[in-house]
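Laboratory data are not the source of any read-out in this text; all were calculated from the coordinates shown. These numbers were taken from a predicted model, which means no experiment stands behind them. In this analysis, Cβ positions are derived from the backbone assuming ideal geometry, glycine residues included, and neighbour counts consider all displayed protein chains.
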Amino acid sequence: GYYIEPYRPQYHFTPEEKWMNDPNGLVYKDSLYHLFYQYYPDSTVWGPMHWGHAVSKDMMKWEHKPIALFPDEHGYIFSGSAVVDHNNTSGFGTEDKTAMVAIFTYHDMEGERSGATNYQTQGIAYSLDNGDSWTKYEGNPIIGNPGFKDFRDPKVFWNNEAESWTMLLVAGDHLQIWNSTNLKEWEKVSEFGKDQGAHGGVWECPDLFPLKVEGTDEVKWVLLISINRGAPNGGSGTQYFIGDFDGTTFTTDQVEHKWIDLGRDNYAGVTYNDAPNNERVFIGWMSNWNYALDTPTEKWRSAMTVPRELTLRKIDDEVMLFNYPLQSFERHVAMAYPESVLEILPSRKRIMPLKYGNQSKIQFTLSVPNAQMYFKNTNGDSVSIDIDREKKLVTFDRRKSGKVSFSDEFSPGVQQMKIKNIPQGPIEITLLLDHSSLELFINEGQYVMTNQIFPNDFFRALTIVNNSESELIIEDFTEHKVERMW
Ligand code: FRU
């Protein structure tokens, strides 16, 4: 079937109904991408957490699966990851079946209510039928609580350097790294972050992976840490660190912390284990804890970002993390011929009609330093993006984007993104517009802003204003319809 309720994303993943938050257990096995997610099947607000489940061949069309993990006597099932235990290190596999192992946090609600602070522990479960049915390990919890109120979100991956499994765990204000040879017994080997990065809130949902710096043989490790609150534009956000990992310890000489996305709705994002061709694929939860429970949808709540490929590129001697829709996304984007050449004189504008009812990808090359773009509909709703390469600043304004008053925190002001290393020449702009989101990618994902919007009607036009002293000539403006995923 398909879903056409107001604001239902047409090409972003949503649960069929009820509440969803973080992506969990992103793993590829036997030609399928698995997406588990924080799920509460009884309501459209957060509650006792389960792991929902979906599978896909290409991360665009998803098949919904039954709930994978249910709360048990140890607590709710919070965020975590999944691995394929190819060498049967855990012993959960059989001669002909490879185990998929989920590693997650138990959140013991009774413990929390009783005023204790040691109610978050780590547990595991395994599946011998590709995630359809799960058995919890009888030795759970595998890691007890050493005295941290926030102690969660295990990301496990195979560590070639140490020839062991590595688990990243966050403990309030820092990251802990644990190693194991069998996924059951774990030993803490290092910590990171008490004196690094942003600390305006609790650290959540870590990830760590190697990437080649494009065009070189240099490999750097990237650490992702979500933080709530404390993001630059308010509430939840994801910072990253580029450094080195020797199998036990992560180090960085990066001085200022960086953010993967300066919009307000990309949180708790992590990457796939075992993705083919060494591709590093990232999916984030497209919301923000500041108002996630209040957004104006009825049957379900929240969506995921489009899957994005992460790459490292050196710009002006600084290595930066880019995030950009996967190549395979293009297969779901309909053909479109470029518009005829747009010529916009200084301080003039051009109104481009939009055809695809908030289900489109808009792309063009921006050749002048400064321009503003705004979407409008006949209800008077608008969303504006101002790119100023002279001031090195992008401003995103959703204050009049439609329904905004469901929460004071949704758009208390405009959002700003510094674009310190933006190149001077022509830059590529991509806008992904779906029924309740707008993702902005500048220069192939060098700078990104992801935002939810709830317009009262489809946007009918995109206006481009030339705020530069030279003429703006756009030869490649395209609006493509994006196929719906249902
Ligand atoms: C992040 C988070 C995680 C936690 C989960 C609970 O959004 O707070 O730290 O495991 O959500 O649903």
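Annotations
- Prolate/oblate/rounded call for the range 266-423, Cα gyration tensor, a/c under 1.5 rounded: rounded
- Listed peptides 294-302, 398-406, 17-25 appear in the order 17-25, 294-302, 398-406 once ranked by packing, highest mean of other Cβ atoms within 10 Å at the front.
- Cα gyration tensor category, rounded, prolate or oblate, for the range 178-328 with a/c compared to 1.5: rounded
- Excluding same-chain neighbours fewer than eight residues apart, the aspartates and glutamates reachable from Lys65 by a Cα-Cα span under 13 Å are Glu16, Glu17, Asp129, Asp132.
- Model label points for Asp173 and Asp195, set 7 angstrom from Cα along the Cα-to-Cβ axis, are 1.3 nm apart.
- Lysines with Cα under 29 Å of Lys194, excluding same-chain neighbours fewer than 8 positions away: Lys149, Lys155, Lys184, Lys212, Lys220, Lys258, Lys314, Lys418, Lys420
- Residue order for Leu169, Leu321, Leu393, fewest other beta carbons within 10 angstrom first, comes to Leu393, Leu321, Leu169.
- The range 1-152 shape via C-alpha gyration tensor axes, a/c threshold 1.5: oblate
- When each of Val394, Val219, Val306 is scored by the number of other beta-carbon atoms lying within 10 Å, the sequence from fewest to most is Val219, Val394, Val306.
- Rounded FRET efficiency, nearest 0.05, which uses the C-beta distance separating Ile315 from Glu138 and R0 of 51 Å: 0.50
- Cβ-derived FRET efficiency at R0 35 Å, Trp46 paired with Ala162, nearest 0.05: 0.45
- Computing FRET efficiency as 1/(1 + (r/R0)^6) for Ile351 and Asn278, where r is the C-beta to C-beta distance and R0 is 35 Å, gives about 0.20.
- Principal axis dimensions, the chain - Cα atoms, whole angstrom, descending: 69, 48, 46
- Its DSSP H runs of at least 4 residues, each contributing -39,500 (n - 2.57), put the calculated 222 nm mean residue ellipticity of the chain at 0 deg cm²/dmol, to the nearest 500.
- Once you reduce the range 332-363 and the range 113-144 to the center of their Cα atoms, the two points are 50 Å from each other.
- By other beta-carbon atoms within 10 Å, ranking Asp58, Asp173 with the fewest at the front produces Asp58, Asp173.
- Each residue, Leu393 and Lys65, gets one label point 7 Å from its Cα in the Cβ direction; the gap between the two is 4.7 nm.
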